[in-house]
Amino acid sequence: MWESYLLSANLAYVAAFILIGSYVQHVLFNLYRHPLAHIPGPKIAAATYLYQTYYSLVGGSRYYIKIGKLHDKYGPVVRITPDEVHLSNPENYDIINHVGTKYAKSAQFYDAFGIGYSTFSSSPNDLHRIRRSGLNPFFSRKMVLELEDVVQSKAEKLCQLLAKKFSKGESVDLHHGLRAVSVDVFTEYAFGNCYNLLDRPNLGLDFFAMVQGIGPMMWIFFQWPLLQKLLLSIPPAIAMRMSPPLKQVLSLQAASLTL
């Protein structure tokens, strides 16, 4: 029995040593052998995604503010993760993001959303082009013009709400009001079932709290993809008890299946 215990302990030490050694080797590669090793930036950002994860979670996804400070220190091109650089010159936007671009989406980033079957998260350009072609008819000039009445009706509903509130000397949260217009328009168009956030007394505050509540999990899944697979395998009945925002998401998904 004692020998069995020693064997198990030794195996655990060996496994830990291999894992630590592998991680150290990976960090050293990122720092000195990686194709982006010559790009300026903080060494810890070049070594591990934990740097990005930290600033994306602390203070509510504010890494973009930190990136601005990094540009002040390191210049117009900064390495912000082991596999990413950030460019401060706005002229680069049209060079990278244009129809027919050769630059693909980051698979690691979009996989963190957990919707790999969707057009939105399709990473290879060829695959995205195929999936996007199925949606093109819905965004033709003809269809957009037909959607104008829906947009106008939601905007008019907000204007009526403003007039009613102002006549009573009450305030209106325009931030949530304008977002409610957007959500009501695209849910009516995409699902044929409007969420009617404009009809709610709080203009859908709980809906936007849900979106904000599940946002940080994306950065967790980005850092640890295996954790995402584990959590997505949890039965919905149990998952709904773990997180109020997640409960709302699953409820919306269940409701959409009945449409």
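Just so you know, all these numbers are worked out from the coordinates, no wet-lab data involved. Source: prediction; values computed, not measured. Cβ: placed from backbone, ideal geometry, glycine included. Neighbour counts: every protein chain shown.
Key figures for this structure:
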| item | result |
| --- | --- |
| PHE29-SER171 pseudo-label distance in nm [points 7 Å out on the Cα-to-Cβ vector] | 5.4 |
| Percent of Cα-Cα distances greater than 22 Å, calculated over the chain | 72 |
| For segment 48-97, convex hull of alpha carbons as volume per residue, Å³ | 85 |
| Sorted by Cβ density within 10 Å, fewest first, the residues TYR63, TYR32 | TYR32, TYR63 |
| Two-site FRET efficiency, LEU205 against SER140, from Cβ-Cβ distance with R₀ of 30 Å, rounded to 0.05 | 0.30 |
| Integer Hz, Karplus 6.51/-1.76/1.60 couplings in order for segment 109-115, x for Gly and Pro | 5, 6, 5, 5, 6, x, 10 |
| q = 0.19, 0.20 Å⁻¹: log10 I(q)/I(0) that the Debye formula gives for segment 2-106, counting C-alpha atoms only | -1.02, -1.08 |
| Reachable lysines from LYS229, criterion Cα separation under 25 angstrom, eight or more residues apart if same chain | LYS105, LYS247 |
| MRE, 222 nm, helices only [DSSP H, n ≥ 4, -39500 (n - 2.57), over the chain, to nearest 500] | -20000 deg cm²/dmol |
| Reachable lysines, given that their alpha-carbon falls under 22 Å from the alpha-carbon of LYS73 and they are not under 8 places away in the same chain | LYS43 |
| Pairwise centroid distance, computed over Cα atoms, of segment 39-73 with segment 191-247, Å | 25 |
| From phi via Karplus (6.51, -1.76, 1.60), per-residue ³J(HN,Hα) for segment 120-131 in Hz, x at Gly/Pro | 4, 9, 5, 8, x, 4, 5, 5, 4, 5, 5, 5 |
| Cα long-axis angle, helix 205-223 against the chain (0 to 90 degrees, to the nearest 10) | 20 |
| Förster-model FRET efficiency, 22 Å R0, GLU91 and ASN125, C-beta, rounded to 0.05 | 0.50 |
| Rh (Kirkwood; distinct C-alpha pairs) - segment 136-199, Å | 12.6 |
| Pairwise Cα inverse-distance average, inverted: Kirkwood Rh of segment 25-164 (Å) | 18.7 |
